Amino acid sequence: MTDLPARVLFGAAYYHEYQPYERLKTDLDLMAEAKFTVIRVGESVWSTWEPENGRFELDWLQPVLDGAHERGISVVLGTPTYAVPPWLARQYPETAAEDATGRRAAWGARQEVDFTHPAFRFHAERVIRAIAARYAAHPAVIGFQVDNEPGPRLPHNHGVFQRFVDDLRQRYGDVETLNREWGLVYWSHRLSTWADLWTPEGNAQPQYDLAWQAFQARQTTEFIAWQAGIVREYARPGQFVTTCLAYGSPGLEDDELTDSLDITAGNPYYDMQDSLTMPEPPREKLPQQWMAYGAWALHHSADRIYSSRQEPFLITETNAQAIGGTSDNRPAFDGQWRQAAWALVARGARMIEYWHWHTLHFGAETYWGGILPHSGRPGPAYRELARLGAEFERAGDLVAGIAPDAGAYEGIFEPFYRGAFEAGRQVRILHARQLHDPRGEHPGLAPESAAELHPVLIAPALYVADDGMLDWLGAYAEAGGHLVLGPRTGYGDHEARARHEVTPARLVRAAGVRYDEFSNLYADLPLRTVPDSPLQLPADAVATRWVEGLVVEDADVLAEYDHPHFGRWPAVTTRRHGAGRVTCVGTVPGRDLARALAAWLAPSPCSGWQGLPDSVTVATGTGTGTAPDGRRVHVVHNWSWQSATAQAPVDLTDALDGGVVPAGTPVRLGAWDVRVLAAPGSAAGDR
């Protein structure tokens, strides 16, 4: 079991070995004054742990751990396998990862290695064992982070490809089965022997690509499980094992990878300053990749981490200041550090750890700002985070391990999530196998239980789905859930083959619609509400990117396209099915349509707060065992320069100053402000 303190852990990645001069005591004293309770160490410096092949230097970390322990600061100890030392790259060049053309990755950054290569595994295991044997018993160490942000590249080395062929042989048995399942009659791709299988660089077959991507993700999963197994040989009872995830990495399947870990940890980075304003100012659309843009995207990052194991999680890295190069620096406005941290905690974070303590004086991340600037003198970031540390101390066990309230959705894309967030609804992300796992490796969830736990389930673009998954969705609606089918759901089977039945496959009867035609959109399409429709659209509601030609067989039309051609098809339909309902959204909703859909799907926010100003959001949740009376937590944000007021729905207590807020009284928030409020666990009215 993992034993975490009964409060939110708070701290930073700390690399004393990076400091240009001795300041260990100064740093640790400043951390203690800021109420830090955790630091992360050791994961980036294999060449410091092992300067030469087989020569280890392990004592340098001892003063850091001893000093942290003296001040009551816990330590997460990392294994350094993501940054191989130059001697290993020089002596074992065959361990370099190769791209699809066979070109070896040049050494000089990080994660350039084929982590499946036996030579790499030998040296990685040796350094892991040396570090774990030396420090696992240290009283400051509460857990281990193995590797760092795994899965950033897909190695195409000869050995990797040969294991891929072996994996296919085990899965399909013979080439004739593979020919049939992948449709290799197309373009004369039929195999006569396994030796005929071509390498990925020339591939144009989608079934091959799906299998290759899934295989690569399994290699990452196996690598992290391998490291976790080694570390557990040395770990004390109660110490956790995790890795930090960068969601969106091409070689990562996060829900499967975290099966071998004790707790999920993620690294959400977000753009600061005006990006966090609500209502969001108009601007060019920016990609949601490793950096989140918008308050909704920050919450999406947290919910994504929660989804991996459906439980509270750790933040191992997030912005301390601006994150970028010399020409891209936007540190937070006053108050935004508190806002972001409390938003993450409200969505389930049990640790907030910043990247990093001190801004580096050298290297590729010289301008990835730390809590302390290049001068090493405390400034605005330190002062606000010190305030935050004191708040976490005062809040204590109330906010440690919140299980956030939610509706639910499966395979969601950003427009649906953003619409729910901006409508004041809370969301839970679910992986497909957490509902139905065709391999039987995950227990899944009975449709009846899912309908009770998650009364609304949105499933857009679930293109690759086996028959059992689609049947599960139908059973969920029949059991009383409200299933929302988005574009392309049910179009392909488990091999990504276009299904030969009418779509949405296996759900036509339940949905009361079918389609064979579809189209991309050059421009957004205006929408109109059908008379007497319960879905009321604002004037600016639009469809974007895609139209499915839904043909109504037995369903009610809720909204239509206002267009001379596309107007022949409905944009949104709904139908009763058993005890529940199936709604089809035949497009990617624009912001106003997405907000209207969310408000119709969940008429009352589960937070209980009504009539909120546009700049105010509320996240609610319940303690998962650390709060002894199961109290409910309401985290109220004002994402604006303008002060705002909201009305308390029930009797509340301010978790930070102890003040009482009776039901119906105003909750006042300043610019970029956060209020953390608690209600008794027995109060049903705030759900």
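The values are calculated or read from the model by the stated rules, or taken from the named source; none is laboratory data. Bear in mind that the values here come from a model prediction, so they are computed numbers and not experimental data. Cβ sites come from the backbone with ideal geometry, for glycine too, and all protein chains shown count toward neighbours.
Structural remarks
- A count restricted to the range 638-647 and to residues that are in contact with a Leu (Cβ under 8 Å, 6 or more places away or on another chain) and surrounded by 17 or more Cβ atoms within 10 Å (Cβ to Cβ) stands at 4.
- Answer residue from the range 575-606, given it is farther than 15 Å from Y476 by Cα and free of Cβ contacts under 8 Å to residues at least 60 places away in the same chain and is surrounded by the most Cβ atoms within 10 Å (Cβ to Cβ) among those: D592
Residues are listed down the side, and each one gets a yes or a no for (1) surrounded by 15 or more Cβ atoms within 10 Å (Cβ to Cβ); (2) within 24 Å of P438 (Cβ to Cβ); (3) among the β-branched types (V, I, T):
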site	(1), (2), (3)
A225	yes, yes, no
G238	no, no, no
D254	yes, yes, no
A265	yes, no, no
P268	yes, no, no
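- Meets criteria (surrounded by fewer than 17 Cβ atoms within 10 Å (Cβ to Cβ) and either over 27 Å from W355 (Cα atoms) or not assigned by TED's automatic domain parsing to the domain that holds T264 (or both)) for R180: yes
- For R433: the one exception among (1) assigned by TED's automatic domain parsing to the domain that holds S308; (2) surrounded by fewer than 22 Cβ atoms within 10 Å (Cβ to Cβ); (3) in a helix (DSSP H, G or I): (1)
- Output for the range 648-677, where each listed residue is at pLDDT 95 or above, crowded, with 17+ Cβ neighbours inside 10 Å, within 29 Å of the chain's Cα centre (by Cα) and not aromatic (F, W, Y): L669, D673, V674, R675, V676, L677
Residues checked against (1) in contact with a His (Cβ under 8 Å, 6 or more places away or on another chain); (2) touching a residue at least 24 places away in the same chain (Cβ under 8 Å):
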{"residue": "Q336", "(1), (2)": "no, yes"}
{"residue": "Q339", "(1), (2)": "yes, yes"}
{"residue": "A346", "(1), (2)": "no, yes"}
{"residue": "S375", "(1), (2)": "no, no"}
{"residue": "R383", "(1), (2)": "no, no"}
{"residue": "A395", "(1), (2)": "no, yes"}
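- Some residue of the range 464-475 being buried (at least 21 other Cβ atoms within 10 Å of the Cβ), assigned to a strand (DSSP E or B) and on the phi < 0 side of the Ramachandran plot: no
- The combined condition, being part of a helix (DSSP H, G or I), of a type outside the set (F, W, Y) and either assigned by TED's automatic domain parsing to the domain that holds L245 or more than 29 Å from the chain's Cα centre (by Cα) (or both), is not fulfilled by N148.
- Lone qualifier among A400, A381 - being out of contact with any helix residue (DSSP H, G or I) (no Cβ under 6 Å at 6 or more places or on another chain), more than 30 Å from A109 (Cα to Cα) and either at pLDDT below 95 or in the same structural domain as G348 (by TED's automatic domain parsing) (or both): A400
- Residue within the range 370-380 that is of a type in the set (A, V, I, L, M), in a loop (DSSP other than H, G, I, E, B) and more than 28 Å from A619 (Cβ to Cβ) present: no
- Condition broken by L168, with the remaining ones in (1) farther than 21 Å from Y82 by Cβ; (2) in a loop (DSSP other than H, G, I, E, B) satisfied: (2)
- For the range 318-354, a residue qualifies if it is acidic (D, E) and surrounded by 24 or more Cβ atoms within 10 Å (Cβ to Cβ), and exactly one does: E353.
- On the stretch given as the range 337-368, residues that are charged (D, E, K, R) and touching a helix residue (DSSP H, G or I) at 6+ places or on another chain (Cβ under 8 Å) total 2.
- Just one of the listed residues (R433, R439) is at pLDDT 90 or above and not aromatic (F, W, Y), namely R433.
- Summed over the range 577-599, residues that are under 13 Å from P538 (Cα atoms) and in contact with a strand residue (DSSP E or B) (Cβ under 8 Å, 6 or more places away or on another chain) total 5.
- Contacts under 6 angstrom Cβ, first residue in the range 191-207 being not assigned by TED's automatic domain parsing to the domain that holds V464, partner in a loop (DSSP other than H, G, I, E, B) and among the β-branched types (V, I, T), 6 or more apart: E201/T101
- The set of residues in the range 69-99 being of a type outside the set (F, W, Y), surrounded by 14 or more Cβ atoms within 10 Å (Cβ to Cβ) and in a loop (DSSP other than H, G, I, E, B) consists of R71, I73, T79, P80, T81, A83, V84, P85, A97, D99.
- Whenever a residue of the range 223-239 is assigned by TED's automatic domain parsing to the domain that holds P118 and closer than 21 Å to F122 by Cα, its partners that are surrounded by 15 or more Cβ atoms within 10 Å (Cβ to Cβ) and aromatic (F, W, Y), lying with C-beta atoms within less than 8 angstrom and at least six residues away or across chains, give the pairs F223/F115; V231/F144; A235/F144.
- The residue that is farthest from G11 (Cα to Cα), counting only those in the range 284-338 that are assigned to a strand (DSSP E or B) and modelled with pLDDT of 95 or more, is F313.
- Answer from L58, L30 - the residue that is touching a helix residue (DSSP H, G or I) at 6+ places or on another chain (Cβ under 8 Å) and under 24 Å from L314 (Cβ atoms): L30
- Residue count for the range 519-532 satisfying the condition of being within 25 Å of L457 (Cβ to Cβ) and at pLDDT below 95: 2.
- Meets criteria (part of a loop (DSSP other than H, G, I, E, B), over 27 Å from R153 (Cα atoms) and not hydroxyl-bearing (S, T, Y)) for P281: yes
- Members of the range 132-153 found to be closer than 25 Å to A97 by Cα and either crowded, with 20+ Cβ neighbours inside 10 Å or among the hydroxyl-bearing types (S, T, Y) (or both), listed by number: Q145, V146, D147, N148, E149, P150, G151
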